[in-house]
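Every number here is computed from the coordinates shown, using simple stated rules; none is lab data. Keep in mind it's a predicted model, so treat the numbers as computed, not measured. When we count neighbours, we look across all protein chains shown, and the Cβ atoms used for this are built from the backbone with ideal geometry, even at glycine.
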Ligand code: WTA
């Protein structure tokens, strides 16, 4: 699936008539010279409502700690919810939600969304949450996760959403690091017809996280759970209390006040807490969605991501609401109970734009064309892809079978850190399957060699971004030094993405993959170090190394090399046990596809595991420079 793209020949040109109708016809028309990016972003910010205007668009006096719209007073929730309560938009659908079993639909107009968010905000306040406090959210893909996130933002609290597939160890670590006093969870979640017991996992995490004073529990699966009478509260009880009722005003915040932290994997064991703010993030997410997906008033937008990851934050929760759009949210995955679930939903709900991940496309492709062909997909106008490179074969299937050759595919490249799209096509552009297109307005990207010189077009190198942008992370929460050293020190003044890429002669970028110890498994971001530390927490394991190897559906699959402690023997049972251990102690998504028991791991003389060498050997590739290898 890593078919080396033929950079020149495979180009899909837009239908000229459709292209005329798009908001942006020509990239350069709006992009202009990058020097003008301040004006571009200021004009976009003016399209949103501010309590008080900013005095400085971009303050770079303390770079790389940039600040945007400095002096401005705002709250993202004002622009996601409050502003739509005036006029006819109050009755517009903000959210359409469908349960995994397809039996239940819940819809919320902007008016009723506001009511739910106010109730949640009142409850949070009653629990003692106030401006600046961190709240950990561990919820499934149900409307309540949207309400809880918006309620935090409304009162100026900082949400920290943990994907509801992570283990109790992972939650505990994130609760402790963020010093949350409150955790919001559900009794369970539905995963392919089975209950995943969220509350039990939270109980285990909270046992070791003494900062937590309250746990709010949403009822979803009616699973039996243990409720601590002092600490745990059913949301269904709380919402009936008088204190939950009535108006709750939206907190007036500084543009640079924190909106959320989101933990993501990096090169070392400890996940990084990416910090985003109200003002700049709001402008970035609003603008990118509006232009790239040409969002229209009558559209029904479906982003299939989970709010536990950044794609869900930016383009399921905040982006569509900032645009006053109607967003569709489905609790389940693409192939349960049958591989036509998504196509059925697109037909029934008249979805116009589908934004999903290459791994989902590849998994659906395997089931053949008959499943989508049974459904009327004519409502679709645009398609999107995110999370990892999309191989041209999957691109063409998506374009031909789902989009019927009519729907341009927006392959959007971005990261938790960037908050919003950075390299992406726009619908009127000629598309090159497998390429993410060009840098977004005001952005400039470069491909550099190790010394920091641009490599010639067509050659692989390190991808960097040159200009600051409003939705950029502001720092790593509680770790500003790591923010500087990870992202801004390799090439001073330039943002290091951690990806390798090529640029072709037409200025299109081709992202190849991570250059660090991050692995994208089914589009989910995992760190080798996290997997390795989950391994060594098992009594049989002395040492472990994890690498990502190409996988037809998942993009990458984890292969692990394990050195056992004296007294343990390799066996299939032990292999199974270790796989379960990783699932329980990190996440089911981190389960290795293969575990090899080895006598020793290749290391440098300074003791670092040479994962590069393990990967080269596994792929039968040249081993490269091994002079630092310890015997
Ligand atoms: C990868 C997800 C190729 C990339 C939004 C990046 C992509 C990492 C694309 C960030 C794309 C994301 N084409 N690669 N369209 N989108 N990536 O933080 O390696 O979960 O660095 O954010 O995903 O992953 P994250």
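Two decimals is fine: what is log10 I(q)/I(0) at q = 0.14, 0.18, 0.21 Å⁻¹ for the range 442-541, from a Debye sum with one equal scatterer on every Cα and no solvent?
-0.66, -0.97, -1.18
For the range 250-339, count the residues as N, evaluate 2.2 N^0.38 Å, and divide the Cα radius of gyration by that value, please.
Ratio of Rg to 2.2 N^0.38 Å for the range 250-339: 1.26.
When the label point is put 7 Å from the Cα of residue 36 along its Cα-to-beta-carbon vector, which residues of the range 402-434 have a backbone N closer than 16 Å?
none
If R0 is 60 Å, what FRET efficiency do you get for residue 552 and residue 243 from their C-beta distance, rounded to 0.05?
0.65
For the range 485-538, place one equal point scatterer on every Cα, skip the solvent, and apply the Debye formula. What is log10 of I(q)/I(0) at q = 0.12, 0.15, 0.19 Å⁻¹?
-0.42, -0.61, -0.84
Arranged from highest to lowest average of other beta-carbon atoms within 10 Å per residue, in what order do the peptides 480-493, 505-518 appear?
Going from most to least packed, we get 505-518, 480-493.
Given the DSSP H assignment, sum -39500 (n - 2.57) over each helix run of at least 4 residues in the chain and divide by its residue total; what's the result at 222 nm in deg cm²/dmol, nearest 500? Spell out each step's value before the answer.
Details: 19 runs with 165 residues, N = 631.
Calculated at 222 nm, the ellipticity per residue is -7500 deg cm²/dmol.
Calculate, for residue 593 and residue 565, the FRET efficiency according to 1/(1 + (r/R0)^6) with r their C-beta to C-beta distance and R0 25 Å; round to the nearest 0.05.
Plugging the Cβ-Cβ distance into 1/(1 + (r/R0)^6) gives 0.60.
With an 8 Å cut-off on Cα pairs and a minimum separation of 6 or more residues, tell me the relative contact order of the chain in percent.
14 percent
Nearest 0.05, what FRET efficiency do residue 450 and residue 268 give at R0 = 30 Å with Cβ-Cβ as r?
The computed FRET efficiency comes out at 0.90.
Computed on alpha carbon atoms, what radius of gyration and Dmax characterise the range 180-321, expressed in Å?
Cα only, the range 180-321: 18.2, 50 Å (Rg, Dmax).
Need one number: nm distance between label points at residue 104 and residue 43, each 7 Å from Cα along Cα→Cβ, rounded to one decimal.
The two pseudo-label positions are separated by 4.6 nm.
Report Rg(Cα)/(2.2 N^0.38 Å) for the range 198-242, keeping two decimals.
Relative to the rule-of-thumb radius for its length, the range 198-242 sits at 1.17.
Across the Cα atoms of the range 21-154, what radius of gyration and what greatest pairwise Cα-Cα distance (Dmax) are found, in Å?
Over the range 21-154's Cα set, Rg and Dmax evaluate to 18.9, 55 Å.
What ranking do 195-201, 46-52, 154-160, 331-337 get when scored by the average of other Cβ atoms within 10 Å per residue, highest first?
The most tightly packed comes first, giving 154-160, 195-201, 331-337, 46-52.
Sorted by mean Cβ packing within 10 Å, highest first, what order do the peptides 410-417, 81-88 take?
Averaged packing, sorted descending, gives the order 410-417, 81-88.
Reported to two decimal places, what Rg/Rh ratio describes the range 153-199 when computed on Cα atoms with Rh from the Kirkwood expression?
1.02
If you project the alpha carbons of the range 180-222 onto the principal axes, what extent comes out on each, in Å, largest first?
The Cα atoms of the range 180-222 stretch 34, 16, 13 Å along the principal axes, largest first.
Once the Cα atoms of the range 96-222 are picked out, what are the Rg and Dmax in Å?
Cα only, the range 96-222: 14.3, 40 Å (Rg, Dmax).
Provide, for q = 0.12, 0.14, 0.20 Å⁻¹, the log10 of I(q)/I(0) from a solvent-free Debye sum over equal Cα point scatterers in the range 379-520.
With one equal scatterer per Cα and no solvent, log10 I(q)/I(0) is -0.50, -0.67, -1.23.
Using the Kirkwood radius over C-alpha pairs as Rh, can you work out the diffusion coefficient of the chain via Stokes-Einstein at 20 °C, viscosity 1.002 mPa s, in µm² per second?
Translational D for this selection: 85 µm²/s.
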